[in-house]
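Reading through the structure tokens given below for one structure.
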Amino acid sequence: MARILGIESSCDETAASVIEGETNVLSSVVASQLSVHAKYGGVVPELASREHLRAIVPVVREALEKANLTVRDLDAVAATSGPGLAGALLVGLTYAKAISFATGIPLITVNHIEGHIHAVILESALRGDPVELPALALIVSGGHTHMFEAHAVGGYRLLGRTRDDAAGEAFDKVAKLLGFGYPGGPVVDRLAPFGNPRAVPFTLAKMKGNTLDFSFSGLKTAVLRWVESREMGAEIGVRKELLQRTPVPTDTEWLAVTPPATLDLLASFQATVVDELLRHALSAADRTEGIRSVIVSGGVACNSGLRLAVNSRTVGLPVHFPSRALSTDNAVMIAAAAFPKFRRGEFASLDAAAEPNLALQ
Ligand code: KG4
Ligand code: ZN
């Protein structure tokens with residue numbers, strides 16, 4: 001059975017994984033750079049490239065060791081070629097090229113967003129509940145908010161995308177603004193259940209043109225206005241101090257420095273984002289003929305509020321989420337997305353370029 005090594009380095013995770021025969025995950029290693037970027041409140045591209053350079057050799061070595069293999073036992077090596085940060089992508093892609101050159105095994109380039117879709121296809125197959133295609137794929141992460149129609153033969157049609165911030169970026173910016181540090185999604189997710197999601201009535205702009213497109217920057221500005229009008233500087237300062245003392249505060253520690261009105265704000269913000277995603281997914285599924293299931297993937301797919309809201313009952317179609325481990329960036333999804341290309345003999349040349357704005361089609 002064919003074995004593929006997948007490598008992912010498009011943003012702030014250096015990851016490697018070996019998969020055998022489509023679905024047998026032999027290893028998955030993810031080195032996160034969160035602690036490096038946290039103090040800057042977001043990913044710093046130059047630091048990301050440097051950290052990938054440091055991590056790539058040990059991460060790939062560990063993935064091979066865990067799989068009990070050497071590069072000679074592989075049938076192909078796959079790497080993310082885009083979209084993502086140019087310098088970050090180059091590290092993983094160049095390393096994959098080096099392996100391909102040294103061993104003679106083919107190189108496969110994978111679109112990061114297609115990877116997020118394949119994380120779900122792989123896990124659903126393993127659960128014995130395969131994704132029925134064509135599917136509506138909602139990819140929501142720190143870098144992307146895209147909705148695609150995904151077909152069996154790997155064809156994709158873009159139905160809608162964000163015109164400004166990605167959904168995860170909105171979580172991150174709002175959390176940073178309120179003194180909750182980076183990344184914001186997980187903290188907001190954990191604290192939102194303590195607030196009233198209907199306390200702050202946010203409204204989202206109506207989209208002109210493609211009504212399936214998203215926009216989250218207005219919501220971020222609305223949160224900023226709310227914060228300014230309530231003079232929240234002191235409590236935000238207290239949270240920033242907490243973060244300086246304790247890089248990863250517990251929920252109890254956060255709750256001790258977050259008044260009920262702020263918890264209401266977090267809950268209302270999250271509910272608005274979730275509502276917007278659900279509304280668009282429903283409308284896209286409704287308008288697109290032949291859709292048989294819904295896939296939700298990307299870091300924001302971890303969100304409990306989103307998982308509760310987007311289910312088979314509300315959507316009227318089978319809904320597939322990845323496990324939390326495969327929602328955020330990983331290399332299992334890159335190796336999984338490489339398998340259909342491997343079968344089709346879709347190999348990349350050794351001068352394949354990193355493409356920061358690579359589109360999925
Ligand atoms: O897929 P990912 O690891 O990287 C990108 O491709 O961007 O996604 C990271 C994003 C961050 O913006 C993070 O705040 C968000 O996913 N995120 C969440 C949650 N966990 C991670 N957003 C909302 N709720 C969560 N539980
Ligand atoms: Zn991602």
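Can you tell me which of 165-177, 313-325 comes out highest on packing, and rank the rest after it, using the mean Cβ neighbours within 10 Å? If you can, show how the numbers build up before the last one.
Numbers: 165-177: 23.9, 313-325: 16.8.
Per-residue mean Cβ counts within 10 Å order the peptides as 165-177, 313-325.
Starting from the Cα of Arg61, step 7 Å along the direction of its Cβ; do the same at Asn357; then give the gap between the two resulting points in nm.
It works out to 3.9 nm between the two label points.
Put a dot 7 Å past each Cα toward the Cβ at Glu231 and Ala125; how far apart are the dots in nm?
If labels sit at Ala125 and Glu231, their model points lie 6.1 nm apart.
At 1.4 Å probe radius, can you tell me the per residue accessible area of the chain in Å²? Let's see the in-between values first.
Values: 15480 Å² over 361 residues.
Each residue of the chain exposes 43 Å² on average to a 1.4 Å probe.
Counting only other residues whose beta carbon sits under 14 Å from that of Lys220, what net charge do I get with K and R as +1, D and E as -1? Write out the running numbers ahead of the final one.
Numbers: positive: Arg163, Lys173, Lys176, Arg225; negative: Asp164, Asp165, Glu169, Asp172, Glu228, Glu276.
Charge balance in the 14 Å sphere: -2.
Binning every alpha carbon pair distance of the chain at 10 Å from zero, what are the percents per bin?
Percent of pairs per bin, in order: 5, 25, 31, 25, 11, 2, 0.
To the nearest 0.05, how large is the calculated FRET efficiency for Asn311 and Leu204 if R₀ is 25 Å and r is the Cβ-Cβ distance?
Details: r = 22 Å, r/R0 = 0.87.
With R0 = 25 Å, the Cβ-Cβ based efficiency is 0.70.
Among rounded, prolate and oblate, which fits the range 45-162 when a ≥ b ≥ c are the square roots of the eigenvalues of its C-alpha gyration tensor, a/c under 1.5 means rounded, and a/b larger than b/c means prolate?
Details: a/c = 2.11, a/b = 1.40, b/c = 1.51.
Since a/c reaches 1.5 but b/c is at least a/b, the shape of the range 45-162 is classed as oblate.
Are there GluC sites (Glu not before Pro) in the range 225-299 that DSSP puts in a loop and that have at most 16 other Cβ atoms within 10 Å, and which ones? Please list the in-between numbers first.
Values: sites: Glu228, Glu231, Glu235, Glu241, Glu253, Glu276, Glu289; in loops: Glu231, Glu289.
Those that pass, being in a loop and sparsely packed, are Glu231, Glu289.
Taking all protein chains as present, what is the carbon and sulfur share of the accessible area of the chain, in % to the nearest whole number, probe 1.4 Å?
Carbon plus sulfur share of accessible area: 55 percent.
With every protein chain left in place, what is the accessible area of Ser312 in Å² (1.4 Å probe, nearest 10)?
My reading of the accessible area for Ser312 is about 60 Å².
State the number of lysine pairs found in the chain whose Cα atoms come within less than 17 Å, restricting to pairs 8 or more positions apart or on distinct chains.
Going through the chain pair by pair, I get 9.
Using alpha carbons only, how many degrees (0 to 90, rounded to 10) separate the axis of helix 167-177 from the longest principal axis of the chain?
On a 0 to 90 degree scale, this one is about 50.
Using a Förster distance of 35 Å, how high is the FRET efficiency between Glu289 and Val238, based on the Cβ-Cβ distance and rounded to 0.05?
Once the sixth-power term is evaluated, E becomes 0.05.
From the square roots a ≥ b ≥ c of the eigenvalues of the alpha-carbon gyration tensor of the range 133-317, which class results: rounded (a/c under 1.5), prolate (a/b over b/c), or oblate? Walk me through the intermediate numbers first.
Numbers: a/c = 2.30, a/b = 2.00, b/c = 1.15.
Prolate, since a/c reaches 1.5 and a/b exceeds b/c.
Using only helices, what value at 222 nm comes out for the chain when you add -39,500 (n - 2.57) per DSSP H run of length 4 or more and divide by the total residues, to the nearest 500 deg cm²/dmol?
Values: 14 runs with 166 residues, N = 361.
The helix-only estimate for the chain comes to -14000 deg cm²/dmol at 222 nm.
What is the distance, in nm, between label points placed 7 Å from the Cα along the Cα-to-Cβ direction at Thr250 and at Tyr40?
With each label point 7 Å from Cα toward Cβ, the separation is 3.2 nm.
Relative contact order, percent, of the chain when contacts are C-alpha pairs under 8 Å separated by at least 6 residues? If you can, show how the numbers build up before the last one.
Numbers: 752 pairs, mean separation 92.1, N = 361.
After rounding, I find 26 percent.
The values are calculated or read from the model by the stated rules, or taken from the named source; none is laboratory data. Bear in mind that the values here come from a model prediction, so they are computed numbers and not experimental data. A quick note on method: Cβ atoms are made from the backbone with ideal geometry, for glycine too, and the neighbour counts reach across all protein chains shown. Keep in mind that these areas ignore ligands, DNA and RNA; they rest on the heavy atoms of the full protein, side chains included. Shrake-Rupley method; radii C 1.70, N 1.55, O 1.52, S 1.80 Å.
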